[in-house]
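Heads up: the structure comes next, in structure tokens.
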Amino acid sequence: MKNGKKIVTALLALTCIISGIILASTPAPKFYRIEDFAQLDSLLQQQFQDSGIIPSQIQSSIIHVDSVLTRKEYRIEVPSRFSKTMFHIELDKQLSPYGLETPARVHFPSRDMNIYVYHDKSVLRTIRLTTDPELDSLQTQ
């Protein structure tokens, strides 16, 4: 019985040491900070471009939330073959290091998607992806 307890204790100590080494050698995640809304808009424009969305597909407008608060909204028409889910995944990968969240809502049966860019429980931007079958002939990257 005492030999079994010694073996278990030794194994526990060994796993703690290995866990400590792994923890110490893992680099800390890098977090960045959005300095202003222009930087956020620039990141969004870069993601649009990387996803093959051309400027003529994008309409932006300012939404008045109340007498003090406004928010920019992007309306983007995309072809049927455009993967809104992959766009959302890539957008989240790009914005999460800045502490931004990107929850989304899909509307059925149209499968249009609204993506909300959040920070500290505030919506900073809204991206509305809508399918336009007339764009199916559009050549994208």
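Read-outs throughout are calculated quantities, based only on the coordinates presented, and are distinct from any laboratory measurement. Owing to the predicted nature of the structure, the values given are computational and were not obtained by experimental measurement. Cβ sites come from the backbone with ideal geometry, for glycine too, and all protein chains shown count toward neighbours.
Hey, what angle do you get for helix 2-25 against the long axis of the chain, alpha-carbon based, 0 to 90 degrees rounded to 10? The angle comes out near 40 degrees. Evaluated with a Cβ-only charge set (Lys, Arg +1; Asp, Glu -1), the chain carries a dipole of roughly 1060 debye about its Cα centre, given to the nearest 20. For the chain, modelled as a Gaussian network with Cα springs under 10 Å, which listed residue fluctuates most, D66, D120, D36? Evaluated over the chain, the most mobile residue of the options is D66.
Between amide H atoms placed 1.01 Å from N, distances below 5 Å from L100 occur with no residue 5 or more places distant or on a separate chain.
Dividing the mean sequence gap of close Cα pairs (under 8 Å, 6+ apart) by how many residues the chain holds gives a relative contact order of 22 percent.
Across segment 89-95, coupling constants 3J(HN,Hα) worked out from phi with the 6.51/-1.76/1.60 Karplus curve, θ = phi - 60°, read 4, 5, 4, 4, 4, 6, 8 Hz, and Gly and Pro carry x. The shape of the chain comes out prolate: with a ≥ b ≥ c from the C-alpha gyration tensor, a/c is at least 1.5 and a/b beats b/c. When the Cα centres of segment 92-141 and segment 40-85 are compared, how far apart do they sit, in Å? If we compute the Cα centre of each part, the gap is 8 Å. Between helix 37-50 and the chain there is an angle of about 90 degrees, using the helix long axis and the longest principal axis of the Cα atoms.
Expressed to the nearest 5 percent, the antiparallel share of DSSP beta bridges inside the chain is 75 percent.
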